[in-house]
Amino acid sequence: MLGKAIQFPEVLKPAVDHIFSQKKFTLKLLPGDTEAVKELITQLIREGVVYIDEP
């Protein structure tokens, strides 16, 4: 992600901190408003920061 920046509301900082402190995570376990967190994850996937690991 070198050279890229993603902006997000301060209220999503706990979810972002959780995402980047784990190798794997589930949406259900992320703190914060579910809809806002879904939008954040969608943006992170679109930007190539995270990906979906299928079992």
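The values are calculated or read from the model by the stated rules, or taken from the named source; none is laboratory data. Just so you know, these numbers come straight off a predicted model, no measurement behind them. In this analysis, Cβ positions are derived from the backbone assuming ideal geometry, glycine residues included, and neighbour counts consider all displayed protein chains.
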Among the residues of region 5-14, is there at least one that is of a type in the set (A, V, I, L, M, F, W, C) and modelled with pLDDT of 90 or more? yes
Per the filter on region 23-32, residues assigned to a loop (DSSP other than H, G, I, E, B) and surrounded by fewer than 11 Cβ atoms within 10 Å (Cβ to Cβ) are 23, 24, 26
Kindly indicate whether residue 48 is touching a residue at least 40 places away in the same chain (Cβ under 8 Å) and either small (Gly, Ala, Ser) or not in a helix (DSSP H, G or I) (or both). yes
Pairs with Cβ under 7 Å, 6+ apart, first in region 1-27 and without any contact (Cβ under 8 Å) to a residue 24 or more places away in the chain, second part of a loop (DSSP other than H, G, I, E, B) and among the hydrophobic types (A, V, I, L, M, F, W, C): 18/25; 18/30
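Quick check on residue 20: is it under 10 Å from the mean Cα position of the chain (by Cα) and part of a helix (DSSP H, G or I)?
Numbers: under 10 Å from the mean Cα position of the chain (by Cα): yes; part of a helix (DSSP H, G or I): yes.
When the stated conditions are applied, residue 20 passes them.
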Which is surrounded by fewer than 10 Cβ atoms within 10 Å (Cβ to Cβ), assigned to a helix (DSSP H, G or I) and acidic (Asp, Glu), of 39, 54, 35? 35
Which of the residues belonging to region 1-17 are over 11 Å from the mean Cα position of the chain (by Cα), closer than 16 Å to residue 51 by Cβ and surrounded by 10 or more Cβ atoms within 10 Å (Cβ to Cβ)? none
